[in-house]
Amino acid sequence: MILILSPDVDKHSADYRQLLEHLAQLPGIQYRIHEEHGARQVLTEVYLIGETAALSTEEMRSLPCVERVVRVSEEYRILGRHKDDSRPTEFEYNGVRFGQDTLHVFAGLCAVDTPEHVEQMMRALRDNGQVCTRMGAYKPRTNPYSFQGHGKTCLPWVFELAGKYGIKVIAMEVTHESHIDEINQALHVTGNPTGVMLQIGTRNTQNFELLKSVGRQKTFPALLKRGFGITLEESLNAAEYLASEGNRKVVFALRGMKTNMGDPHRNFVDFAHVPVVKRLTRMPVCIDPSHSVGSRAQAPDGLLDIFHVTAQAVIAGANMVLVDFHPDPPTALVDGPQALRLDELAWFLEDVRIARQAYEQRSLLAREYQRTDTGTKSSAQSS
Ligand code: PEP
Ligand code: MN
C-alpha cells in the first residue's frame, strides 16, 4: 500500500509526527519513505510493506497528511501502475520532459570514435532541431579483442561538443559503478555543458550491483534496456531495482530478443510490447531499432527495416527512439552495418513525425469511442 502525502508536507509538523507514530504501531507493517523533488514541489510517498491486506483504505486515507491511498496490485510497487493510481508518468531532466506522452529521438554514435565524427553528428542534430543524442564511451563487447570504447578519456571533449551544439541529454551506457563518477567528474570539469542519461545495456539488465549503483544516485536519469534472454517481468523487476534504491527517473527500452525466430533481423523485434509496458508501469518506453534490426536491409517500398520498425513502435505510442547514426558507417568502430547516415537524418525524423501524428490521431479516436457507453462513436462527436 502506498500513502501519498499532501505536497510539500512539513516534516516537522505535529501531524507528520502523529502519522509516523500511528504507522509505527501497526502490527506486521513496516514503512519506507520516498521523497520526489520536482521543479515545483516535493512529493512524499510512504510505502507500507507487510500485512497490508488487513488495512482499510478509508482508514489510512483519514490519517493526518495523507492525501491519497493506492493499494498495490502488481509487483512493481514503485514503477508499476496500480488501481486508482494517478502518480506521475513523467519526469524532467536538464530541461527536457520525458513521459508516457512525449517523444524524443536519440540519434547518435553507437561508439564515440573521433572528435570530427562526434562534431559532425552533433552539428547535424542541431541543424535538425534535436537536443538529445546517444554516445557510447564504454562499450560492452562480445569479443575481448574488439574496440572497448574510449572510456573516460573522451568524455570532456564529447561533453564540450554537446554543449557547443545545444545537446541537453546524452544517452551513455555505463558498465561499472566507477563510470558514474567519471561522468560526473567530466561534467564538472567542463562546466556541465550537457546532461547524461545513464544507459544500462541488455547484457547488464540483471547486474544487480550496477542497478543498485545507478539507482542510488539521483543526479542522472536511467535508461534500462530489456534483457535479451529473460522475461519481460524479469526486466521490469530490474527497473524496479533502480526505483527501490531511490531513482525513479527511469525509461524502459525495448531492443529485441535473442532468438533465431527473429532471423534475418539481429534480434526478434519486440515493439509490440510498447503499450504493454505503458500499461503495466509508469515508465516512458524507448525503442532501439538499430540493435533490434542490426542491418541496413531495405524493403521493396524503399524504406529501411529500421525505419519500418521505428514507425511501428511510434504508431503504438513509443516515447523515445535510440538509433545509431554515423557520418561514415564503413569506418565506424562498432556496429557500422546498422548505422544510418547523416544525410538520412532529416528523412528519418520526418518518417517518425508521420508515425507520431498517426499515433496522436489513433489515441484521440480511442478517447472519442471510450466516451460513449456502447463503444460506438456518437453522431455529435463525429460531426
Ligand atoms: C547500445 O545501445 O550501444 C548497446 C550495446 O545496446 P544493447 O545493450 O541493447 O545491446
Ligand atoms: Mn551497438
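Things worth noting here:
- Residue list for the range 92-117, filter: within 15 Å of ligand 1 (Cβ to nearest atom), more than 22 Å from the chain's Cα centre (by Cα) and either crowded, with 24+ Cβ neighbours inside 10 Å or part of a helix (DSSP H, G or I) (or both): none
- Within the set Val352, Val323, the sole residue that is touching a strand residue (DSSP E or B) at 6+ places or on another chain (Cβ under 9 Å), within 16 Å of ligand 2 (Cβ to nearest atom) and in contact (Cβ under 8 Å) with a residue 40 or more places away in the chain turns out to be Val323.
- Residues satisfying the stated conditions in the range 39-81, i.e. free of Cβ contacts under 8 Å to residues at least 24 places away in the same chain and within 29 Å of Pro221 (Cα to Cα): Arg40, Ile49, Ser73
- Hey, Leu364 within 14 Å of ligand 2 (Cβ to nearest atom) and at pLDDT 95 or above or not: no
- Every pair of residues 6+ apart whose Cβ atoms lie under 6 Å, when the first sits in the range 100-119 and is under 30 Å from Glu90 (Cα atoms) and within 15 Å of ligand 2 (Cβ to nearest atom) while the second is of a type in the set (Asp, Glu) and outside any strand (DSSP E or B): Cys110/Asp335
- Taken over the range 129-140, residues that are buried (at least 21 other Cβ atoms within 10 Å of the Cβ) and more than 16 Å from ligand 2 (Cβ to nearest atom) amount to 2.
The values are calculated or read from the model by the stated rules, or taken from the named source; none is laboratory data. All values derive from a computational prediction rather than experimental measurement. Note that we place each Cβ from the backbone using ideal geometry, even for glycine, and neighbour counts take in every protein chain shown.
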